[in-house]
Amino acid sequence: MSTTATNASTDANQASTAAWDPIFDELNFPKDPDNMYAQTVATMLHGAEVVGLRHRVKIILAQPKNELMVHFPVKMNDGHHHLFKGYRVQHNNALGPFKGGLRFHPDVHLDDVKSLALMMTLKCALVRIPLGGAKGGVKCNPREMSVDELERVARRFTSAIQHVIGPDYDIPAPDVGTNAQVMAWIADTYQMSTNDRTSTDGMRVVTGKPVEIGGSLGRNKATGQGVVDVLVEMLPAFGIPIEDMRVSVQGWGNVGSWAGRILQKLGAKIVAVMDHSGCLLNEDGFDTEALTAYCQEHGSIAGFEKAHKTTGSGKDTSKGAQPISLEDFYKTRVDVFIPAALEQMIKAEEASYINCRVIAEGANGPVTPEGDEVLEKRGIHCIPDILANAGGVTVSYFEWVQNKTYHMWDEERVDAELNRIMVMAARRTLVAKQKYDVPMRQAAYCSALEHLGAVYRVRGIFP
Ligand code: GLU
């Protein structure tokens, strides 16, 4: 069970929570129960207590190694200059170079970025890839920017953080509001700014690049594919056959739309979807390819029910689709619910009426600690973010390896290696769940922390 920094003492497991407060006090944490960073650290420290991590490793992991905040001006299309705020938080590099996405979104805040960077450390540790954890972003609204403005922001931000990133030091990737094109601008800017202009090695500074400039086949769909790989591995234990299972998806962006499309191919029915514009229901199951194409053209799912396009076989792709309220979206009866939008969306209230048996967290941190407690009481299984959405960073790792070795893997190899890593991580989580008798989120944290603890044991702490 997860708890917050301030209500730690109310946790059922008094023995483990007793050790939390001193670390929060020792590190001067703000006593704000809604602070996402404090929440993530509390969950991490609980796991650290369960696996018996030493105090020195706990305090190292409770704060990021480096935090950079930058302000930079960009000329907008109307001629005025706007001052943007950006971040790069490098949480930990004990396992390998700092690694994690860059998010372009109006709600980017330092504490959320710190929290997401810590999750990256744990995610890489859980899937046992030799990478550390980082996260960054720019507070901006890409939906309200032209392509030219977006490019100028990406390039100018790169130049503001270029002294702290590097192909073997800190390797950004796509996240909410960024994509392969943004990575291409970042890689190009970085490479043009490095001292050695005779080499294209600087292009390795980001993953999730377009395939034309060294991106990996299978990277674009990787996070959604990883969600599906974990579900296929775990659902039999919950007695849910993929064939004909009902699924709802929150967020029809990269992760949600890929997970939905792959699941539909496996025979599942995507019956409810939600994005920033609203919610749709289709009891017969959406044509997920048509919904994705519509979304790419119109920027959201709004109006899909009225699009009425006809497929080659004469089928109306909007047939059966109808708008529903947010509450009805959550209350739609499904086997699996995939939150694939933003963090902190499933609070106690939403958790009390979500009508599903399993949640697979495509997004990072979509369920708050209070939401988690309600889900736990209701017996809803939650496959946590650091496991469910680790496919993205795993294929990022494959991209980095391919770039370093000047090789290109075919998509079959990428998919097979990804599947192997996701299945192993899922089994590792279930083993930790049994061993420590904790819920799945805690089990995933425990397994990641066991690995980090072992690495610190052999490396020691300098000097
Ligand atoms: N942004 C993704 C995540 O949260 C991918 C990070 C990466 O590929 O480095 O896992």
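The values are calculated or read from the model by the stated rules, or taken from the named source; none is laboratory data. None of these values were measured; they are calculated from a predicted model. For neighbour counting, all protein chains shown are included, and Cβ atoms are generated from backbone atoms with ideal geometry for every residue, glycine included. What goes into the accessible areas is simple: the full protein's heavy atoms, side chains included, and nothing from ligands, DNA or RNA. Shrake-Rupley method; radii C 1.70, N 1.55, O 1.52, S 1.80 Å.
Side notes on the structure shown:
- Cross-chain or 6+ apart pairs with Cβ under 8 Å, segment 67-79 first and in contact (Cβ under 8 Å) with a residue 40 or more places away in the chain, then of a type in the set (Gly, Ala, Ser) and part of a loop (DSSP other than H, G, I, E, B): Asn77/Ser146
- Flag for Ser216 being touching a residue at least 60 places away in the same chain (Cβ under 8 Å) and assigned to a loop (DSSP other than H, G, I, E, B): yes
- Residue within segment 163-173 that is within 30 Å of Gln264 (Cβ to Cβ), at pLDDT 95 or above, open to solvent by 20 Å² or more (accessible area, probe 1.4 Å) and within 16 Å of the ligand (Cβ to nearest atom) present: no
- Within segment 267-277, not a single residue is within 24 Å of the chain's Cα centre (by Cα) and part of a helix (DSSP H, G or I).
- Contacts under 6 angstrom Cβ, first residue in segment 374-397 being more than 16 Å from the ligand (Cβ to nearest atom), partner open to solvent by less than 10 Å² (accessible area, probe 1.4 Å) and modelled with pLDDT of 95 or more, 6 or more apart: Val374/Ala351; Leu375/Ala351; His381/Val358; Cys382/Ile359; Cys382/Leu375
- Residue check, Tyr330 at negative phi and hydroxyl-bearing (Ser, Thr, Tyr): yes
- When segment 415-454 is filtered for residues that are more than 27 Å from Val374 (Cα to Cα) and surrounded by fewer than 16 Cβ atoms within 10 Å (Cβ to Cβ), the ones remaining, listed by number, are Ala416, Arg420, Val423, Met424, Ala454.
- Options Gly86, Gly133, Gly100, Gly137: the member that is closer than 19 Å to Pro210 by Cα, crowded, with 24+ Cβ neighbours inside 10 Å, in contact with a Gly (Cβ under 7 Å, 6 or more places away or on another chain) and not basic (Lys, Arg): Gly100
Okay, residues lined up against (1) assigned to a helix (DSSP H, G or I); (2) within 12 Å of the ligand (Cβ to nearest atom); (3) open to solvent by 30 Å² or more (accessible area, probe 1.4 Å):
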| site | (1), (2), (3) |
| --- | --- |
| Asn77 | no, no, yes |
| Gln90 | no, no, no |
| Asp107 | no, no, yes |
| Asp111 | yes, no, yes |
| Cys124 | yes, yes, no |
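- Test: residue in segment 242-254 that is polar (S, T, N, Q), away from the ligand (no atom under 16 Å from the Cβ) and open to solvent by 50 Å² or more (accessible area, probe 1.4 Å): no
- Members of segment 59-75 that are open to solvent by 20 Å² or more (accessible area, probe 1.4 Å) and of a type outside the set (A, V, I, L, M, F, W, C): Gln63, Lys65, Asn66, Glu67, His71, Pro73, Lys75
- When Asn195 is tested against (1) assigned to a helix (DSSP H, G or I); (2) open to solvent by 10 Å² or more (accessible area, probe 1.4 Å), just one condition goes unmet, and that condition is (1).
- Residues that are of a type in the set (Val, Ile, Thr) and either touching a Leu at 6+ places or on another chain (Cβ under 7 Å) or under 17 Å from Lys75 (Cα atoms) (or both), drawn from segment 145-175: Val147, Val153, Thr158, Ile161, Val164
- Tally, over segment 322-351, of residues that are within 24 Å of Leu235 (Cβ to Cβ) and either of a type in the set (A, V, I, L, M) or not in a loop (DSSP other than H, G, I, E, B) (or both): 14
- Residues satisfying the stated conditions in segment 355-374, i.e. surrounded by 23 or more Cβ atoms within 10 Å (Cβ to Cβ), farther than 20 Å from Asp111 by Cα and of a type in the set (A, V, I, L, M): Ile359, Ala360
- Matching residues, segment 41-57, being open to solvent by 20 Å² or more (accessible area, probe 1.4 Å), in a helix (DSSP H, G or I) and not β-branched (Val, Ile, Thr): Glu49, His55, Arg56
- Whenever a residue of segment 223-242 is under 16 Å from Asn364 (Cα atoms), its partners that are open to solvent by 40 Å² or more (accessible area, probe 1.4 Å) and part of a helix (DSSP H, G or I), lying with C-beta atoms within less than 6 angstrom and at least six residues away or across chains, give the pairs Gly224/Trp258.
- When residues of segment 176-188 are limited to those that are in contact (Cβ under 8 Å) with a residue 60 or more places away in the chain and surrounded by 24 or more Cβ atoms within 10 Å (Cβ to Cβ), the one nearest to Val255 (Cα to Cα): Thr178
- Qualifying residue in segment 339-349 (condition: in contact (Cβ under 8 Å) with a residue 40 or more places away in the chain and in contact with a Lys or Arg (Cβ under 9 Å, 6 or more places away or on another chain)): no
- Picking from residues in segment 141-160 that are crowded, with 23+ Cβ neighbours inside 10 Å and either closer than 19 Å to His109 by Cβ or at pLDDT below 95 (or both), the one that is farthest from the ligand (Cβ to nearest atom) is Val153.
- Members of segment 243-262 found to be outside any helix (DSSP H, G or I) and modelled with pLDDT of 95 or more, listed by number: Met245, Arg246, Val247, Ser248, Val249, Gln250, Gly251, Trp252, Gly253
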